[in-house]
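Each value in this text was obtained by applying a stated rule to the coordinates, not by laboratory testing. In this text the structure is predicted, and so the values were computed from the model without any measurement. A quick note on method: Cβ atoms are made from the backbone with ideal geometry, for glycine too, and the neighbour counts reach across all protein chains shown.
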Amino acid sequence: MTKAQKEAFECHWETYGLDAGACSLNFCHIFGNQFPVWLEVGFGNGDVLIEMAAANPDTNFIGIDVYKPGAGRLLKNIAARGLSNVRVMCDDAVTVLQCAIEPESLDRVLVFFPDPWPKKKHHKRRLVSADFVHVLSERIAPDGVLHLATDWEEYAYQMIEVIDSSGRFVNDGGTSGFVDRPVYRPETHFERRGARLGHGIWDVLYKRKPA
Ligand SMILES: C[S@@+](CC[C@H](N)C(=O)[O-])C[C@H]1O[C@@H](n2cnc3c(N)ncnc32)[C@H](O)[C@@H]1O
């Protein structure tokens, strides 16, 4: 981490950081309101989370990433922008979802440009797997949304296959299974990198079926 990122942890973790403890997170207590909660998994440098939170003051945002320098940058920017509707977790998202998030408590889960692990022997490392989708299906509220994006075509089709197989979500993308980038999703750092390499972009949007 840079000096500024370390300082951001020291100064702002207490206010904007969340530790996954033994109990589930109480969103009303954390945010002091009952606004809907959107969770971004793998926020990277956190810039997209900042933009979404600033544009949607009546929505609460939680970002989870294992990458500490990105979390430091995000903490610094939340404080600089004075945003009260964002919290940061620096943990493994699967563990957090399993252990710290109440069932049917999330209105939207966002997974933008997860590591594609392009080599076949590494596919098992991909975040979007049957187990991941299963825990999401239990944590997202009925009619809540699961939104993923990738610049790796084969991973995009795997996402659709895995989510369809869960039987818990309805695809919002018509016959292709994909949607245009929704207006609320800013371009991400990895998306721009993919575009520079000539990659396409695939957004996948699903609604959780009613219970
Ligand atoms: C390719 S980057 C994309 C970052 C950002 N969403 C973007 O589009 O610029 C993937 C991010 O997911 C994070 N990540 C990977 N596995 C994770 C996990 N199990 N829990 C939390 N974050 C994870 C990585 O640390 C990294 O920041």
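The amide H of Thr188, built 1.01 Å from its N in the peptide plane, has no neighbour under 5 Å, considering only residues 5 or more places off or on other chains. Between Val37, Val145, Val179, the residue with the greatest mean-square fluctuation in the GNM of the chain (Cα pairs under 10 Å linked by springs) is Val179. Label region 77-146 by shape, choosing from rounded, prolate and oblate, from the square roots a ≥ b ≥ c of the eigenvalues of the Cα gyration tensor; if a/c is under 1.5 it is rounded, and otherwise prolate applies when a/b is larger than b/c, oblate when it is not. Oblate shape, in that a/c is at least 1.5 and b/c is the bigger or equal ratio. Here each label is just a point 7 Å from Cα along the line to Cβ, and for Asp92 and Val170 those points are 3.5 nm apart. Excluding same-chain neighbours fewer than eight residues apart, the lysines reachable from Lys76 by a Cα-Cα span under 20 Å are Lys3, Lys6, Lys68. Taking K and R as +1 and D and E as -1, what net charge do the other residues with C-beta under 12 Å from the C-beta of Leu127 add up to? After counting each charged neighbour, the total is -1.
Among DSSP bridges having both ends in the chain, what percentage is antiparallel? Round to the nearest 5.
Numbers: 10 of 30 bridges.
Looking only at bridges with both residues in the chain, the antiparallel portion is about 35 percent.
Close amide H contacts of Asp91 (hydrogens built in the peptide plane, cut-off under 5 Å, sequence separation of 5 or more or a different chain): Asp65, Val66. Amide H to amide H, with H built 1.01 Å from N, Gly17 comes under 5 Å of Val88, counting only residues 5 or more places away or on other chains. Of all lysines in the structure, those lying under 26 Å Cα to Cα from Lys207, and not within fewer than 8 positions of it along the same chain, are Lys124.
Whole-Hz Karplus values for region 76-92 come out as 4, 6, 4, 5, 4, 8, x, 7, 9, 10, 10, 10, 10, 10, 10, 8, 6 Hz, taken residue by residue from phi with 6.51 cos²θ - 1.76 cosθ + 1.60 and θ = phi - 60°; glycine and proline positions read x. One Cα centroid belongs to region 15-31, the other to region 63-96; the line between them spans 13 Å. A simple count of charges around Ile62, restricted to other residues whose Cβ falls under 13 Å of its Cβ and scoring Lys, Arg +1 and Asp, Glu -1, yields -3. Remark: region 28-38, residue by residue, has Karplus-estimated 3J(HN,Hα) of 4, 5, 5, 9, x, 7, 10, 5, x, 10, 10 Hz, where x stands for each Gly or Pro and the curve is 6.51 cos²θ - 1.76 cosθ + 1.60 at θ = phi - 60°.
Which of the trypsin sites (Lys or Arg not before Pro) found in region 61-131 are in a DSSP loop and have at most 15 neighbouring Cβ atoms, other than their own, within 10 Å? List each step's numbers first, then the result.
Details: sites: Arg73, Lys76, Arg81, Arg87, Arg108, Lys119, Lys120, Lys121, Lys124, Arg125, Arg126; in loops: Lys119, Arg126.
Here the trypsin sites (Lys or Arg not before Pro) that fit, given the DSSP loop and packing criteria, are Lys119.
In the chain, the calculated helix contribution to ellipticity at 222 nm averages -11500 deg cm²/dmol per residue, counting -39,500 (n - 2.57) for every DSSP H run with n ≥ 4.
When only Cα pairs under 8 Å and 6 or more residues apart are kept, what is the percent relative contact order across the chain?
Values: 386 pairs, mean separation 43.3, N = 211.
Taking the mean separation of contacting Cα pairs over the length of the chain, I get 21 percent.
For region 97-110, backbone phi angles converted through the Karplus equation (6.51, -1.76, 1.60; θ = phi - 60°) give residue-by-residue couplings of 4, 5, 9, 10, 10, 5, x, 6, 9, 9, 7, 7, 10, 10 Hz, Gly and Pro being listed as x.
From the Cα gyration tensor of region 1-160, with a ≥ b ≥ c the square roots of its eigenvalues, which class applies: rounded if a/c is under 1.5, or else prolate if a/b is larger than b/c, or else oblate? In terms of gyration-tensor shape, oblate. Can you spot the aspartates and glutamates whose alpha carbon is less than 18 Å from Lys120's alpha carbon? Ignore those fewer than 8 places along the same chain. In chain and number order, the partners are Asp151, Glu153, Glu154, Glu161.
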